[in-house]
1. Could you work out what % of the accessible surface of segment 7-128 is carbon and sulfur, using a 1.4 angstrom probe and leaving DNA, RNA and ligands out of the count?
2. Given contacts defined as C-alpha pairs under 8 Å and at least six residues apart, what's the relative contact order of the chain, whole-number percent?
3. Please name which of T105, Q42, L131 has its Cα lying farthest along the dipole of the chain towards the positive end, using unit charges on Cβ (Lys, Arg +1; Asp, Glu -1) and the Cα centre as origin.
4. Roll a 1.4 Å probe over the protein heavy atoms and report the accessible area of R49 in Å², nearest 10.
5. Do the sum for the chain: with -39,500 (n - 2.57) for every DSSP H run of n ≥ 4, divided by all residues, what is the mean residue ellipticity at 222 nm, to the nearest 500 deg cm²/dmol?
6. For E129 and K88 in the same chain, what is the full-extension length gain: residue separation times 0.36 nm, less their Cα-Cα distance, in nm?
7. Using DSSP, restrict attention to beta bridges with both residues in segment 1-57 and report what percent are antiparallel, rounded to the nearest 5.
8. Taking the solvent-accessible surface of protein heavy atoms with a 1.4 Å probe, what is the per residue accessible area of segment 1-52 in Å²?
Amino acid sequence: MTARAHSTPTYDGLIAFYPCQDLAATRDFYTRDLGLKLVREQETCLIFRVAAAGYVGFCQLEATQPALAHHNALIITLLSEDVEAVYKRCLALGIETEGAPKHNTKYNIEHFFAKDPDGYRIEIQRFLEPLAT
């Protein structure tokens, strides 16, 4: 039996979708508070550009769906070279955080966590060593 040759697929981007309860509050948080660009607004979904080909999307739960389950393990990580400036912006806007930016020696990053309107943990992070390309 001969192995079939398969080419490695290529991808042009990423959208990670999360459920939300209030589209208006979600839109305000990600555009006004975090400064992301809203690139698609559909009837029940929003898509925000995070990077050249990286997006985060939110879709409103249907009225018949149960409320969001405990989702503290889910983390939306946004990369920034100025973690401290983002932290100060969050404080000025009254966004709940889990403390000031800190150096995480295990992962060699600088980061802090905030909460969005649905309680998702938003990590603002800077790699202290560049990622491999």
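The values are calculated or read from the model by the stated rules, or taken from the named source; none is laboratory data. Model, not experiment: these values are computed from the prediction. No Cβ is skipped: glycine too gets one built from the backbone with ideal geometry, and neighbour counts run over all protein chains shown. These area figures cover heavy atoms from the full protein model, side chains too; ligands, DNA and RNA do not enter into them. Shrake-Rupley method; radii C 1.70, N 1.55, O 1.52, S 1.80 Å.
1. 52
2. Result for the chain is 21 percent.
3. Ranked along the dipole, the leading option is L131.
4. That residue has around 90 Å² of solvent-accessible surface.
5. Calculated mean residue ellipticity at 222 nm is -3000 deg cm²/dmol.
6. On the way: separation 41, 0.36 × 41 = 14.76 nm, distance 2.33 nm.
That pair, E129 and K88, stretches by 12.4 nm at full extension.
7. Numbers: 8 of 12 bridges.
Roughly 65 percent of the DSSP beta bridges within segment 1-57 come out antiparallel.
8. Result: 75 Å² per residue.
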